[in-house]
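This report refers to the structure that appears directly beneath it.
What follows draws every value from the coordinates through simple rules; no lab data is involved. Just so you know, these numbers come straight off a predicted model, no measurement behind them. Virtual Cβ from ideal backbone geometry, glycine too; neighbours counted across all protein chains shown.
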Amino acid sequence: QKEVEQDPGPLSVPEGAIVSLNCTYSNSAFQYFMWYRQYSRKGPELLMYTYSSGNKEDGRFTAQVDKSSKYISLFIRDSQPSDSATYLCAIARGDTGRRALTFGSGTRLQVQP
Amino acid sequence: GAVVSQHPSWVICKSGTSVKIECRSLDFQATTMFWYRQFPKQSLMLMATSNEGSKATYEQGVEKDKFLINHASLTLSTLTVTSAHPEDSSFYICSGGDQETQYFGPGTRLLVL
């Protein structure tokens with residue numbers, strides 16, 4: 001069993017739709033949860049970071065963590081064609097400044113104009 | 001967020017030659033940096049942990065004599081692919097972090113002919 005499971009998609013939605021991206025993880029030792037966006041041939045860009053259960057909002061993005069279910073989500077409101085990219089969930093133990101991240105496989109999102 | 005740069009952004013080389021990739025933290029000091037490799041349509045796979053002033057730690061299956069890592073200062077880590085072969089062609093990405101999360105470089109695309 002992989003430590004982090006993520007549906008690879010692709011996920012295609014019309015412009016303006018609400019997008020829901022999800023990951024599950026298997027080890028309760030993971031304490032830090034991140035979402036990265038990666039455009040083709042570019043490095044990952046940090047979108048959201050959280051370490052507690054509940055919701056964290058930043059503009060059109062909401063990160064949700066449920067530690068009891070080991071389930072993390074990213075919601076994108078009013079999706080735009082420029083949101084078309086691969087979204088990677090990432091988790092870490094302890095001090096993420098020192099520890100490598102474990103990534104999900106990434107979900108490819110296509111927002112149709 | 002913190003900025004990580006990589007150089008070069010892309011490189012083409014002949015089989016058997018060595019290629020050096022630089023990773024720099026521009027606005028923070030990184031005692032630890034990480035090197036990842038990403039094949040097309042796949043997620044990031046950790047190759048090694050680069051430790052300032054000491055030996056790198058390699059993931060299982062990664063040849064330390066082939067992928068030489070040097071972390072001589074708090075802002076620079078280098079990855080040298082020695083005697084490169086076509087199967088080494090990939091997207092190489094480094095990251096460094098602060099107390100909250102990891103920030104990724106833009107990546108280096110290597111093509112070995």
Within chain A: Cβ-based charge dipole about Cα centre, in debye rounded to nearest 20 (Lys, Arg +1; Asp, Glu -1): 340 debye
Cβ-isolated cysteines (cut-off 4.7 Å), chain B: B:Cys13
Span from the the range B:12-27 Cα centroid across to the the range A:45-88 one, whole angstrom: 33 Å
Dipole moment magnitude, nearest 20 debye, the protein assembly as shown about Cα centre, only Lys, Arg, Asp, Glu C-beta charged: 360 debye
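Pairs B:Lys20/B:Lys55; B:Lys20/B:Lys64; A:Lys2/B:Lys64; A:Lys2/A:Lys42; A:Lys42/B:Lys55; B:Lys14/B:Lys66: which are spaced more than 19 Å apart, C-alpha to C-alpha?
Values: B:Lys20/B:Lys55 17 Å; B:Lys20/B:Lys64 14 Å; A:Lys2/B:Lys64 25 Å; A:Lys2/A:Lys42 25 Å; A:Lys42/B:Lys55 28 Å; B:Lys14/B:Lys66 16 Å.
Among B:Lys20/B:Lys55; B:Lys20/B:Lys64; A:Lys2/B:Lys64; A:Lys2/A:Lys42; A:Lys42/B:Lys55; B:Lys14/B:Lys66, the Cα-Cα distance tops 19 Å for A:Lys2/B:Lys64; A:Lys2/A:Lys42; A:Lys42/B:Lys55.
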Per-residue Cβ neighbour rank within 10 angstrom, fewest leading, B:Val3, A:Val19: B:Val3, A:Val19
Rg ratio (alpha-carbon, reference 2.2 N^0.38 Å) - chain A: 1.01
Extension reserve of the B:Glu59-B:Val3 stretch, reckoned as 0.36 nm per residue once the Cα distance is removed: 17.7 nm
Which of A:Thr50, A:Ile18, A:Phe75, positive extreme of dipole for chain A (C-beta unit charges): A:Thr50
Taking chain B and dividing mean pair separation by its residue count, relative contact order in percent (alpha carbons under 8 Å, at least six apart): 37 percent
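If you keep only loop residues by DSSP, which chymotrypsin sites (Phe, Trp or Tyr not before Pro) in the range A:17-113 have at most 14 other Cβ atoms within 10 Å of their Cβ? List each step's numbers first, then the result.
Working: sites: A:Tyr25, A:Phe30, A:Tyr32, A:Phe33, A:Trp35, A:Tyr36, A:Tyr39, A:Tyr49, A:Tyr51, A:Phe61, A:Tyr71, A:Phe75, A:Tyr87, A:Phe103; in loops: A:Phe30, A:Tyr39, A:Tyr51.
Within the range A:17-113, the qualifying chymotrypsin sites (Phe, Trp or Tyr not before Pro) (loop, at most 14 other Cβ atoms within 10 Å) are A:Tyr39.
Which FRET efficiency, nearest 0.05, do B:Thr80 and A:Asn55 yield, Cβ-Cβ r, R0 41 Å?
On the way: r = 44 Å, r/R0 = 1.07.
Computed FRET efficiency for B:Thr80 and A:Asn55 comes out at 0.40.
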Cα-centred dipole magnitude for chain B, charges only on beta-carbon of K, R (+1) and D, E (-1), debye, nearest 20: 340 debye
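In cubic angstrom, how much convex hull volume per residue do the alpha carbon atoms of chain B span? Write out the running numbers ahead of the final one.
Details: hull volume 11.0 nm³, N = 113.
Spread over its residues, the Cα hull of chain B gives 97 Å³ apiece.
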Derived scalar couplings ³J(HN,Hα) [the range A:37-54; Karplus, 6.51 cos²θ - 1.76 cosθ + 1.60; whole Hz; x for Gly, Pro]: 10, 10, 7, 4, 6, 10, x, x, 10, 5, 9, 9, 9, 8, 9, 10, 5, x
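Expressed as a rounded percentage, what relative contact order does the range A:17-107 have, with Cα pairs under 8 Å and six or more residues apart? Can you show the working numbers first?
Values: 183 pairs, mean separation 31.8, N = 91.
That works out to 35 percent.
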